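To start, the structure itself, in structure tokens.
The values are calculated or read from the model by the stated rules, or taken from the named source; none is laboratory data. Quantities reported herein were computed from a predicted structural model and do not represent experimental measurements. No Cβ is skipped: glycine too gets one built from the backbone with ideal geometry, and neighbour counts run over all protein chains shown. Ligands, DNA and RNA are stripped out before the accessible areas are found, and what is left, the full protein with its side chains, is counted by its heavy atoms. Shrake-Rupley method; radii C 1.70, N 1.55, O 1.52, S 1.80 Å.
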Amino acid sequence: MTGRTVFAAVLLAALALGCSMPERSEIAARRCVADNGTIEWEFDIPGGLSGCDGIEFDFLAEGLEEFDTFEVRFRSGKGGYLGFFEPGEPGRWNHVTVRKSGCYKSVSSVAGWNAVTRFALSGQRDRETKRAVRVSNVRALRAQPEILVVRPDSATKGGNRNRHVRESCVMTSFLSDLGAAVSQTSDADLAEGIPQEVALLVFPDNPSVPTNALPALERHAGRGGKFLVMCEADGRIARLAGFSCKPFYDRRKEPRKPRLAGLVRTAAGLEAQPPFVPFRTNCLMEPRLSKGVVAVANWADADGRDLGLTGVARTPNGFCYSSDWRIRGASARALMRALLLEIRPAWRERLEAGERRVAERERTGVAFGSLPRPADEVRALTCHNPKGLPGRSWDESVRLLKDGGFNTLIVNVAWGGLVFEEEAKECLKACRKHGISCHFWKVCWRRHRDDPAPFAGRKAVGKNGVDGGDWMCPADPANRKAELAAFERLAAMGPDGIMLDYIRYNNGTFCHCDVCKRTEKDKEAFFASRRETMTSFVRELSQRMRSAYPEMQILASVIAGPESARGWFGQDWTAWAKEGLVDAVCPMNYYLGNSAGLRRTTAHQRACCGAACGKVIPCLGLGEWPQLGRDAERLAEEVNVLRDLGCGGFVVFDFTERALDAMAPRMCQKERE
């Protein structure tokens with residue numbers, strides 16, 4: 001093993017890009033970069049992509065089972081835009097589309113879509129290969145948008161780097177599903193001008209905007225262009241939209257403030273606006289009401305009482321929504337349609353057609369797909385919050401989970417040596433009441449940020465002696481003893497099972513202490529040493545749990561690629577399944593593009609486990625999917641794939657309000673039964 005290799009194959013590309021690009025011009029690879037097992041082929045793009053919605057191309061490859069995922073990266077400034085794509089069926093040409101809104105991660109400092117000069121295609125792999133892939137007919141997706149969602153590239157620094165970016169991608173997908181003629185642009189490209197046909201600029205989460213963009217924004221406002229401003233907005237954007245904000249409202253810092261449970265229509269509400277839109281939030285950027293600024297929706301409590309806090313305000317130049325657009329479902333779509341129709345009534349026909357398409361898609365998600373459901377199928381949800389859904393009791397949370405068709409809850413109640421016992425017991429009580437299997441989820445080898453206790457043993461050490469932060473050294477006897485003790489505390493509370501998370505090294509970053517790096521000069525010996533460190537711990541834990549709690553199940557959340565997991569991560573999970581150390585392994589199959597990628601990857605995982613393939617219970621990354629509003633449809637598709645492959649169940653990450661929306665079709669069916 002040489003670890004995971006990223007292999008970007010030779011591209012035989014005939015570029016036919018619009019947007020000032022030659023009609024047909026073959027280009028060769030600009031360069032091939034090989035570093036630490038990474039091979040990447042880069043290609044020049046004559047011009048930017050600001051006036052387009054993305055690219056499309058034809059892709060051919062063999063041996064797709066050897067790849068984890070495929071990526072596309074658009075080079076911009078000192079960084080780039082990163083997206084994933086599904087290559088389709090092996091051995092034949094497949095058509096691939098990559099939209100700007102699908103690039104929901106930014107790498108380093110990006111300079112806008114107009115600054116894109118190169119792109120690269122790569123495949124994330126588990127092992128070396130000499131197979132090649134071919135790409136042809138690369139074209140830009142022409143766009144004629146009437147709505148532009150502004151990607152906050154000027155704000156993509158620090159801890160919230162990709163949170164702001166993600167909101168813009170989610171909003172673009174949401175508006176596209178509604179039927180709007182929408183595309184995404186970068187705030188770095190605004191200075192070059194905003195097309196005359198654009199009627200609305202949407203700022204989903206833009207804490208800053210480049211100063212050189214202000215003249216173009218002022219011209220947009222001067223010709224009657226509108227703004228829809230949300231969440232954390234630059235004050236200069238707010239002024240252009242015609243409003244100013246009150247001090248930031250944060251219930252987390254002032255728990256006595258009332259709970260916000262949804263948006264209630266005011267007397268000044270819009271014609272097509274729904275009377276109530278359920279959504280729970282703690283933080284607001286509330287606009288000041290003044291001349292020309294009128295509240296059309298206020299925040300309400302759980303009983304629907306108007307709290308007098310502005311939720312949506314009509315402004316002289318558009319609308320302000322005082323939170324982030326995480327509201328979903330039919331009422332959320334109806335509210336957005338009402339706002340859009342107020343801005344441009346001529347959009348009615350296409351928006352109504354979009355709603356019919358969304359409603360039809362949602363019906364396909366009823367009861368997790370159309371294939372027969374096995375009687376003993378595991379249908380699990382993970383919950384990162386030990387207190388359950390924000391603003392809801394554990395009893396209510398578990399009831400909603402059951403109504404949604406799930407039968408298992410995996411709740412995160414332990415990190416390192418810290419165990420949230422009170423929350424764990426309350427969750428277990430609610431699960432027992434509603435007949436739901438309850439598993440306690442523990443993060444291994446990492447101390448919780450709120451844990452006041454010192455490290456039991458040695459901290460992890462990074463390369464060149466870098467401090468390991470909250471990570472522990474898995475080889476240290478004191479750390480291993482503390483981890484075992486924490487698992488025993490969890491098991492003593494009587495859950496149906498335990499989930500081992502981060503039961504691995506933190507890739508190549510940690511740990512490189514004197515003990516862990518003693519075989520580092522020989523990579524194979526180094527990887528073998530890491531595997532033995534981790535497997536010996538899992539074996540000891542398994543023996544203890546089997547002896548004291550024979551009915552309790554042991555699950556492990558694992559890296560999707562079996563071969564890459566065995567390398568730097570030291571996570572030999574196929575061996576754990578074969579030896580019977582765990583009852584189930586849950587590969588994190590989050591970023592696989594679509595159901596074809598899930599099918600290919602899961603089939604490979606099951607094949608690697610041999611006779612123990614029944615222990616593969618994949619984890620689906622609902623919380624990581626960028627397309628807002630398509631969760632029910634995609635969940636149904638992916639569950640159908642797993643059932644068709646013979647999997648014994650699935651785990652969905654993560655139990656949030658978004659998960660409730662994905663379960664909504666199942667809940668509606670239950671009410672009709």
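A few remarks follow.
- Filtered residues of the range 608-631 (kept if hydrophobic (A, V, I, L, M, F, W, C) and at pLDDT 70 or above): C608, C609, A611, A612, C613, V616, I617, C619, L620, L622
- Residue in the range 401-410 that is of a type outside the set (G, A, S), out of contact with any Asp or Glu (no Cβ under 7 Å at 6 or more places or on another chain) and farther than 23 Å from E551 by Cβ present: yes
- Selection status of S176, within 30 Å of R333 (Cα to Cα) and modelled with pLDDT of 90 or more: yes
- Set G112, G102, G77: member being surrounded by fewer than 19 Cβ atoms within 10 Å (Cβ to Cβ) and either under 27 Å from A155 (Cα atoms) or within 20 Å of the chain's Cα centre (by Cα) (or both): G77
- Residues of the range 302-314 include none that is crowded, with 16+ Cβ neighbours inside 10 Å, touching a helix residue (DSSP H, G or I) at 6+ places or on another chain (Cβ under 6 Å) and in contact (Cβ under 8 Å) with a residue 60 or more places away in the chain.
- Of all residues in the range 477-499, those being of a type outside the set (D, E, K, R), touching a strand residue (DSSP E or B) at 6+ places or on another chain (Cβ under 7 Å), in a helix (DSSP H, G or I) and closer than 20 Å to V582 by Cα number 4.
- Each residue in the range 574-614 was checked for being out of contact with any helix residue (DSSP H, G or I) (no Cβ under 8 Å at 6 or more places or on another chain), outside any helix (DSSP H, G or I) and under 13 Å from C647 (Cβ atoms), and 1 of them qualify.
- Scoring Q571 on the criteria (1) part of a loop (DSSP other than H, G, I, E, B); (2) open to solvent by less than 30 Å² (accessible area, probe 1.4 Å); (3) farther than 19 Å from R530 by Cα leaves a single failure, condition (3).
- Inter-residue pairs, beta-carbon under 6 Å, first at negative phi and in the range 232-253, second among the acidic types (D, E) and surrounded by 15 or more Cβ atoms within 10 Å (Cβ to Cβ), 6+ apart: E232/D205; K246/E286; Y249/E286
- Selection of the range 286-323 for residues being over 32 Å from the mean Cα position of the chain (by Cα), outside any loop (DSSP other than H, G, I, E, B) and among the small types (G, A, S) yields S290, A295, G308.
- Some residue of the range 434-455 being modelled with pLDDT of 90 or more, more than 19 Å from R480 (Cα to Cα), open to solvent by 40 Å² or more (accessible area, probe 1.4 Å) and over 29 Å from the mean Cα position of the chain (by Cα): yes
- Yes/no for G222 being out of contact with any strand residue (DSSP E or B) (no Cβ under 9 Å at 6 or more places or on another chain), without any contact (Cβ under 8 Å) to a residue 24 or more places away in the chain and of a type in the set (G, A, S): yes
- Restricting P452, P474 to those that are within 29 Å of E520 (Cα to Cα) and in a loop (DSSP other than H, G, I, E, B) reduces the list to P474.
- Residue in the range 517-562 that is surrounded by the most Cβ atoms within 10 Å (Cβ to Cβ), counting only those that are in a strand (DSSP E or B) and of a type in the set (V, I, T): V558
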